[in-house]
Amino acid sequence: MDKIQLIIDCDPGVDDALAIILALKHPAIEVLAICSVAGNGHIETTTQNGLKILSLCDREDIPLYQGADTAVSGQRPDTVEAFGDDGLGGYAGSVKTDKRPEKEHAVDFLVRIVKENPKKLTIAAIGPCTNIASAIRKDPTFAGNVKEIVLMGGAKYTGNVSPVAEYNFWADPIAAKEVFKADFSKCVMIGLDVTNKIALDAQCRELLRIFDTRLSRFIYHITKSGMDENWEIRYKMLSPMHDILTIAYLIDEKVVSLKESNIDIVEDGIARGQSVVDIDGHWHGEKCNALYAVDVDVLKFYRLFLTTVFKEHKKEITAYLEQIPGEKER
């Protein structure tokens, strides 16, 4: 079976880091490049974090292209506070690298690589959609030449920066709207309605500490700030891992349940960034532009994630997961 030829457009970020790590570790995926965008930090921070993740995984051979520092409107979005000032829970300094980003801008790279490989490349867009929308604007054939785009963003029922908006779509709602209007051959939205269900709990996080490898220690430390914030606000011992679910879906589509939908984004006002999800296109004459993730198999996700990244501990992971009677309550 041919490997998935993947480009990850991201704003690392704890959950972006986890997504990159899973993609790099799974044999079904070939990561061709990383593109950075502002979001969890300004562009210098997200770019450096991306470089550090590649170095951590001994994959400095993979190029990273620096992208947009502002939304398509020209405004710089507020950055996420949950992951600390450095985007990696205060732990970015634990990884050193001499690797540098490529000279070509991420948008120019995206346009070029897709044009050179029509219908062959998959894009995981797990930050604000600025780079993707800019590529669409630059090349009208771009969307039609992408094999599949999977987005981490939005939600039908809840938000994390407002009652209705998820951060990635809120940070650049115009870009998100343009992506859904661009007529990609296959567009998948994986939002908070399912990503909240796979948040890392304290027991599983402790398992990573017990493994005591360089990678498990890194994940253990960078997820602390998210868990601390969840405890302070909601009294829940959970750390967000939103972006990683996009990669799990690409590896095994059965991890999530999808429904054909018509999705639009609110550009401004009190509902800025809200994803309006019309399942089955009921209000649009059954015309759909995307697949929307309505549910997730939590245990299937954890089995895939843990046994891929920590395959040397498969026996312990299997024993741990067998103790869980059903889906974890979130």
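Of everything in the range 237-275, what is of a type in the set (A, V, I, L, M) and closer than 24 Å to ALA175 by Cβ? Give them in sequence order. Result: MET241, ILE244, LEU245, ILE247, LEU250, VAL256, LEU258, ILE263, ILE265, VAL266, ILE270, ALA271.
There is no residue in the range 10-29 that is assigned to a loop (DSSP other than H, G, I, E, B), modelled with pLDDT of 95 or more, under 21 Å from LEU151 (Cα atoms) and β-branched (Val, Ile, Thr).
Evaluation of ILE233 against the conditions (1) in contact with a Phe, Trp or Tyr (Cβ under 9 Å, 6 or more places away or on another chain); (2) of a type in the set (Val, Ile, Thr); (3) at pLDDT below 95 shows that the sole unmet condition is (1). For the range 231-257, the tally of residues that are of a type outside the set (A, V, I, L, M) and within 9 Å of the chain's Cα centre (by Cα) stands at 3. Within the range 46-62, being within 18 Å of the chain's Cα centre (by Cα) and of a type outside the set (A, V, I, L, M) holds for THR46, THR47, GLN48, ASN49, GLY50, LYS52, CYS57.
Residues in the range 64-100 that are buried (at least 16 other Cβ atoms within 10 Å of the Cβ), farther than 19 Å from ILE219 by Cα and within 20 Å of the chain's Cα centre (by Cα): LEU64, TYR65, GLN66, GLY67, ALA68, ASP69, THR70, ALA71, VAL72, PRO77, THR79. Determine whether the range 40-57 contains at least one residue that is within 26 Å of PRO240 (Cα to Cα), hydrophobic (A, V, I, L, M, F, W, C), without any contact (Cβ under 8 Å) to a residue 40 or more places away in the chain and buried (at least 20 other Cβ atoms within 10 Å of the Cβ). Yes.
Selection of the range 296-314 for residues being under 10 Å from VAL255 (Cβ atoms) and not in a helix (DSSP H, G or I) yields VAL296, ASP297.
Looking for something more than 30 Å from ARG303 (Cβ to Cβ), part of a loop (DSSP other than H, G, I, E, B) and not β-branched (Val, Ile, Thr) - is there at least one such residue anywhere in the range 56-64? Checking the range 56-64: at least one residue is more than 30 Å from ARG303 (Cβ to Cβ), part of a loop (DSSP other than H, G, I, E, B) and not β-branched (Val, Ile, Thr). Residues of the range 189-201 that are within 13 Å of SER261 (Cβ to Cβ) and either surrounded by fewer than 22 Cβ atoms within 10 Å (Cβ to Cβ) or small (Gly, Ala, Ser) (or both): GLY191, ASP193. Of all the listed residues (ALA319, ALA248, ALA293, ALA271), the sole one being among the hydrophobic types (A, V, I, L, M, F, W, C), at negative phi and in contact with a Gly (Cβ under 8 Å, 6 or more places away or on another chain) is ALA293.
Across the range 278-321, the qualifying residues are those that are over 18 Å from the mean Cα position of the chain (by Cα) and among the β-branched types (Val, Ile, Thr), and the one among them that is nearest to ASP16 (Cα to Cα) is THR307. So, in the range 109-154, of the ones that are buried (at least 23 other Cβ atoms within 10 Å of the Cβ) and in a loop (DSSP other than H, G, I, E, B), which residue ends up nearest to the chain's Cα centre (by Cα)? My answer is ILE126.
Looking at the range 95-102, can you tell me whether even one residue there is touching a helix residue (DSSP H, G or I) at 6+ places or on another chain (Cβ under 9 Å) and without any contact (Cβ under 8 Å) to a residue 24 or more places away in the chain?
Yes: the range 95-102 contains one or more residues that are touching a helix residue (DSSP H, G or I) at 6+ places or on another chain (Cβ under 9 Å) and without any contact (Cβ under 8 Å) to a residue 24 or more places away in the chain.
The values are calculated or read from the model by the stated rules, or taken from the named source; none is laboratory data. As the structure is a computational prediction, the values presented were derived from the model and not from experiment. No Cβ is skipped: glycine too gets one built from the backbone with ideal geometry, and neighbour counts run over all protein chains shown.
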